[in-house]
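Since the structure comes first, as structure tokens, the remarks are kept for the end.
The values are calculated or read from the model by the stated rules, or taken from the named source; none is laboratory data. No experiment lies behind these values; they were computed from the predicted model shown. Cβ placement follows ideal geometry from the backbone for every residue including glycine, while neighbour counts extend to all protein chains displayed. Calculation scope for accessible area: heavy atoms of the full protein, side chains included, ligands and nucleic acids excluded. Shrake-Rupley method; radii C 1.70, N 1.55, O 1.52, S 1.80 Å.
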Amino acid sequence: MRFALALASILVAAAAARAEELETSHLFGFTLGSDVNAVGEIEGEQENTGRFSKRAGSYMALASELGLKFIPFENFSIEPGLGVAYHGTTGVPGLDDRAEWAFDTASLEMRYRLLDRHRAPIGLTLGADPHWGRVDDISGEPVDRYGADLLVILDRELIAERLFGAVNFTYSPEASRSRLTGLWEHQSEAGVSGAVSVQLYPGFLLGAEARFMRSYDGLGLDRFAGQALFVGPTFYVKFSEKVWM
């Protein structure tokens, strides 16, 4: 199995009034927090992800997605997004050599908060993110991808204004049809992640995150195909009341 290093950055510009405290949505890296913005807020997000490998040949895959989040009513957010992707592969077994950008993804992110962490022992939010894509995220080949990410998001402020923790459970079925051969493929993933983040001084947090993922052939976790464990550091910086990363 080829080793891949994944990095993500999120730049957010919120059109809200002065925030009184940290929101946990993006404190933990890939692991999400349960907070949902206030009604009427509008928030722009850009997420960038990279995968790199030199074990056999040279492999690089970059993806960038821009979304605009709306809060139409209390405890619910909706965010349409568009993304592009770049694949650069040379001499990688099983993959064609490629160096090209492509319009990739149209997505819709939806969150509904069942428990507010300020009023309950934990925060609990459910998520559903349907998406359509035009290229295979690993090889870069032209496909039509239809899928969704289903999430259960839990978090808790372990030490007031100092230490935060979160756990996510995910299930991601996806069907894709090659535009070269017309053949369909079906796959699914299930995973769990956990993260902690400590606020060292106002607006600056460092943390650690671990994710365990299992991949299957078939939409219903039918035939085991592989698994992976990702462990790494996270950081969060609040530049101002309206911009953070």
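Select from segment 134-184 the residues that are acidic (D, E) and closer than 23 Å to Y59 by Cα and write down the one among them that is least open to solvent (accessible area, probe 1.4 Å).
Narrowing segment 134-184 to residues acidic (D, E): 136-137, 141, 144, 149, 155, 157, 161, 174.
Next, only the ones that are closer than 23 Å to Y59 by Cα stay: 136-137, 141, 144.
Details: D136: 39, D137: 58, E141: 57, D144: 22 Å².
Ranking the candidates gives D144 first.
Table: residues versus (1) among the β-branched types (V, I, T); (2) modelled with pLDDT under 95; (3) under 17 Å from the mean Cα position of the chain (by Cα).
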{"residue": "R111", "(1), (2), (3)": "no, no, yes"}
{"residue": "I122", "(1), (2), (3)": "yes, no, no"}
{"residue": "D144", "(1), (2), (3)": "no, no, no"}
{"residue": "A148", "(1), (2), (3)": "no, no, yes"}
{"residue": "R179", "(1), (2), (3)": "no, yes, no"}
{"residue": "A190", "(1), (2), (3)": "no, no, yes"}
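Could you please tell me which pairs satisfy a Cβ distance under 6 Å, a separation of 6+ or placement on different chains, a first residue in segment 147-159 that is touching a residue at least 40 places away in the same chain (Cβ under 8 Å), and a second residue that is surrounded by fewer than 19 Cβ atoms within 10 Å (Cβ to Cβ) and of a type in the set (V, I, T)?
L154/I122; L154/V167
In segment 72-103, what residues are among the acidic types (D, E), loosely packed, with under 15 Cβ neighbours inside 10 Å and closer than 22 Å to R145 by Cα?
As a first pass, look at segment 72-103 and keep what is among the acidic types (D, E): 74, 79, 96-97, 100.
Those still in the list that are loosely packed, with under 15 Cβ neighbours inside 10 Å too: 74, 96-97, 100.
Residues satisfying the conditions are D96, D97, E100.
Mind checking which residues of segment 48-61 are in contact (Cβ under 8 Å) with a residue 12 or more places away in the chain and either more than 16 Å from F30 (Cβ to Cβ) or in contact with a His (Cβ under 7 Å, 6 or more places away or on another chain) (or both)? Break it down into steps so the answer makes sense when it comes.
Here is the first cut: in segment 48-61, the residues in contact (Cβ under 8 Å) with a residue 12 or more places away in the chain are 48-53, 55-61.
Across segment 48-61, the qualifying residues are F52, S53, R55, A56, G57, S58, Y59, M60, A61.
If you take the residues in segment 49-71 that are in contact with a strand residue (DSSP E or B) (Cβ under 7 Å, 6 or more places away or on another chain) and open to solvent by 50 Å² or more (accessible area, probe 1.4 Å), which one is farthest from I138 (Cα to Cα)?
Start the filter on segment 49-71 by keeping residues that are in contact with a strand residue (DSSP E or B) (Cβ under 7 Å, 6 or more places away or on another chain), which leaves 49-53, 57-71.
Adding the requirement that they be open to solvent by 50 Å² or more (accessible area, probe 1.4 Å) leaves 51-52, 60, 62, 65-66, 68, 70.
On the way: R51: 9, F52: 11, M60: 9, L62: 10, E65: 16, L66: 20, L68: 26, F70: 31 Å.
Ranking the qualifying residues of segment 49-71, first place goes to F70.
Quick check on E189: is it under 30 Å from D136 (Cα atoms), open to solvent by less than 30 Å² (accessible area, probe 1.4 Å) and either outside any strand (DSSP E or B) or among the charged types (D, E, K, R) (or both)? Please lay out each step first, then the result.
On the way: under 30 Å from D136 (Cα atoms): yes; open to solvent by less than 30 Å² (accessible area, probe 1.4 Å): no; either outside any strand (DSSP E or B) or among the charged types (D, E, K, R) (or both): yes.
Spelling it out, it is not the case that E189 is under 30 Å from D136 (Cα atoms), open to solvent by less than 30 Å² (accessible area, probe 1.4 Å) and either outside any strand (DSSP E or B) or among the charged types (D, E, K, R) (or both).
If A38 passes every condition in (1) assigned to a strand (DSSP E or B); (2) open to solvent by 50 Å² or more (accessible area, probe 1.4 Å) but one, which one does it miss?
(1)
Is it the case, given these coordinates, that S107 is among the polar types (S, T, N, Q) and assigned to a loop (DSSP other than H, G, I, E, B)?
No: the conditions fail for S107.
Is it the case that D222 is open to solvent by 50 Å² or more (accessible area, probe 1.4 Å), farther than 30 Å from F103 by Cβ and not aromatic (F, W, Y)?
It is true that D222 is open to solvent by 50 Å² or more (accessible area, probe 1.4 Å), farther than 30 Å from F103 by Cβ and not aromatic (F, W, Y).
Is at least one residue of segment 114-132 in contact (Cβ under 8 Å) with a residue 12 or more places away in the chain, under 24 Å from G94 (Cβ atoms) and surrounded by 15 or more Cβ atoms within 10 Å (Cβ to Cβ)?
First pass over segment 114-132, keeping only residues in contact (Cβ under 8 Å) with a residue 12 or more places away in the chain: 114-117, 121-132.
Okay, now just the ones that are also under 24 Å from G94 (Cβ atoms), so none.
No, every residue in segment 114-132 fails to be in contact (Cβ under 8 Å) with a residue 12 or more places away in the chain, under 24 Å from G94 (Cβ atoms) and surrounded by 15 or more Cβ atoms within 10 Å (Cβ to Cβ).
Report the residue count in segment 47-91 for those that are in a strand (DSSP E or B) and touching a Lys or Arg at 6+ places or on another chain (Cβ under 6 Å). Please lay out each step first, then the result.
Of segment 47-91, the ones in a strand (DSSP E or B) are 47-53, 58-73, 76-90.
Next, from what is left, pick out any that are touching a Lys or Arg at 6+ places or on another chain (Cβ under 6 Å): 53, 61, 77, 79, 87, 89.
Residues meeting the conditions: 6.
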